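Undergrad: Could you have a look at this structure, given as structure tokens, before my questions?
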Amino acid sequence: MFEYLKGTIEDVQPGYIVVDVNGVGYLVYTSNPYVYQVDSNEEVKVFIHQAVTDSSQLLYGFSSRELKSIFEKLLNVSGIGPKSALAIIAGNDPQSLLNAINTENVTYLTKFPGVGQKTAKQIILDLKGKLDDIAPSLFDDFTAESQPASDNKSDNQALEDALEALSELGYSARDIKKARKALEDIEVTTTEDYLRQGLSAVTKF
């Protein structure tokens, strides 16, 4: 099993990144690919969860060990698969997620794709009070990622890539339309900015 990959980012797509490790390209699914920048000269560490089934071997990547830990805890909840877990950790901000679990806010949790009321209640039952030890490092990690370098895309292309990333996370056409409306009139500089704002738009009340 992989703990992490250390290499360079060779490609960033709406649903995944490609990490080159000594000439081998690993396709890694991630909640927010635009945290990363294509740069063959900068080595990065991507923490990895490997999912093995009878028909596939997939890699899921995270910018910190804490995000990986939350992803794996979510996978242990009945009714949560990798795609829903990625959408949950990508959504809005970690403080809101932890607050929703600890205050039993079912309505907030059902904003995520693939999470109905039954699953939301199961998340609360299984994880309430069990993520608090992860929280301090997790918040530091999100703060460090909050100001990515410009990705040199036009505003229109950055917006479209962000909306496609929402689709990859499982959000519906209705949610994406809502996100587009919220994003068209704001000024941002990167695809990641659009994606963060879009996630906020589709998960707010």
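The values are calculated or read from the model by the stated rules, or taken from the named source; none is laboratory data. This one's a predicted model, so the numbers in the text were calculated from it and none came from an experiment. Note that each Cβ is placed from the backbone with ideal geometry, even for glycine, and that neighbours are counted across all protein chains shown. Areas reflect the complete protein model, heavy atoms only, side chains present, ligands, DNA and RNA absent. Shrake-Rupley method; radii C 1.70, N 1.55, O 1.52, S 1.80 Å.
Undergrad: In this structure, does Leu131 turn out to be closer than 18 Å to Ser64 by Cβ and open to solvent by less than 30 Å² (accessible area, probe 1.4 Å)? Let's see the steps before the verdict.
TA: Working: closer than 18 Å to Ser64 by Cβ: yes; open to solvent by less than 30 Å² (accessible area, probe 1.4 Å): yes.
Yes, satisfied.
Undergrad: As an exercise: evaluate Ser63 against (1) over 15 Å from Thr8 (Cα atoms); (2) small (Gly, Ala, Ser); (3) open to solvent by 20 Å² or more (accessible area, probe 1.4 Å) and give the number of the one condition it does not meet.
TA: (1)
Undergrad: Okay, moving on. For segment 172-189, check the following and say yes or no: at least one residue is in contact with a Pro (Cβ under 7 Å, 6 or more places away or on another chain), buried (at least 17 other Cβ atoms within 10 Å of the Cβ) and not charged (D, E, K, R).
TA: For segment 172-189, residues in contact with a Pro (Cβ under 7 Å, 6 or more places away or on another chain), buried (at least 17 other Cβ atoms within 10 Å of the Cβ) and not charged (D, E, K, R): absent.
Undergrad: In addition: Just to be sure before I move on: is Lys153 in a helix (DSSP H, G or I) and either crowded, with 16+ Cβ neighbours inside 10 Å or modelled with pLDDT of 85 or more (or both) in the structure I sent? Show your work before the answer.
TA: On the way: in a helix (DSSP H, G or I): no; either crowded, with 16+ Cβ neighbours inside 10 Å or modelled with pLDDT of 85 or more (or both): yes.
Criteria not met by Lys153.
Undergrad: Looking only at residues in segment 87-119 that are in a loop (DSSP other than H, G, I, E, B) and within 14 Å of the chain's Cα centre (by Cα), which one is surrounded by the most Cβ atoms within 10 Å (Cβ to Cβ)? Don't jump to the end; show me each part of the working.
TA: Of the residues in segment 87-119, the ones in a loop (DSSP other than H, G, I, E, B) are 91-93, 103-105, 110-116.
If we keep only those that are within 14 Å of the chain's Cα centre (by Cα) as well, we get 91-93, 112-113.
Details: Gly91: 25, Asn92: 19, Asp93: 16, Phe112: 28, Pro113: 19.
Filtering first and then ranking leaves Phe112.
Undergrad: Does segment 34-46 contain at least one residue that is under 30 Å from Gln117 (Cα atoms), open to solvent by 40 Å² or more (accessible area, probe 1.4 Å) and under 19 Å from the mean Cα position of the chain (by Cα)?
TA: There is no residue in segment 34-46 that is under 30 Å from Gln117 (Cα atoms), open to solvent by 40 Å² or more (accessible area, probe 1.4 Å) and under 19 Å from the mean Cα position of the chain (by Cα).
Undergrad: Within segment 11-25, work out how many residues are more than 19 Å from Ala85 (Cβ to Cβ) and open to solvent by less than 60 Å² (accessible area, probe 1.4 Å).
TA: 7
Undergrad: Just checking, does segment 8-28 include any residue being over 27 Å from Tyr194 (Cβ atoms) and assigned to a strand (DSSP E or B)? Write out each step before concluding.
TA: Initial filter on segment 8-28 (over 27 Å from Tyr194 (Cβ atoms)): 21-24.
Subset that is assigned to a strand (DSSP E or B): 21, 24.
Yes, there is a match, as at least one residue in segment 8-28 is over 27 Å from Tyr194 (Cβ atoms) and assigned to a strand (DSSP E or B).
Undergrad: Search segment 98-127 for residues that are free of Cβ contacts under 8 Å to residues at least 40 places away in the same chain and on the phi > 0 side of the Ramachandran plot and pair each with any residue that is open to solvent by 50 Å² or more (accessible area, probe 1.4 Å) and assigned to a loop (DSSP other than H, G, I, E, B) when their beta-carbon atoms are under 9 Å apart and the residues are at least 6 apart or on different chains.
TA: Partner pairs satisfying both residue conditions: Glu104/Lys128.
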